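Heads up: the structure comes next, in structure tokens.
What follows is calculated from the coordinates using simple rules that are stated; it is not laboratory data. Because the structure is a prediction, the values reported are computed rather than measured.
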Amino acid sequence: MLLLAGMGFTMIPNNATLNALLQGLVPDDLRGRVMAVYVFMFLGMTPLGSLQAGVLARWWGAPGALLAGAAVLFLILVLVWTRIPELRRLS
């Protein structure tokens, strides 16, 4: 429960940082389109992620579903970090 609370608290600075990066890095003429795709992915895909987490939780239990989700997110983080050098320069 403490880890989930920590994850919830870290979502706020994460979302603020991502919004600032998107709005700062995207050219002015594309900003509206990029933000539309971002909002769609962030809010519109939540039901599908919840369905996936629910299916995994039914098969493997809630801890297994959380572990699987964390592993997938970690792999995505590693892929993005290694393939997009511009993000490494920003940190």
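Quick rundown of the values:
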quantity	calculated
Segment LEU67-TYR38, extension gain: residue separation times 0.36 nm, minus the distance between their alpha carbons	7.9 nm
Hydrodynamic radius (Kirkwood) for the chain, which is based on Cα pairs only, to one decimal in Å	15.4 Å
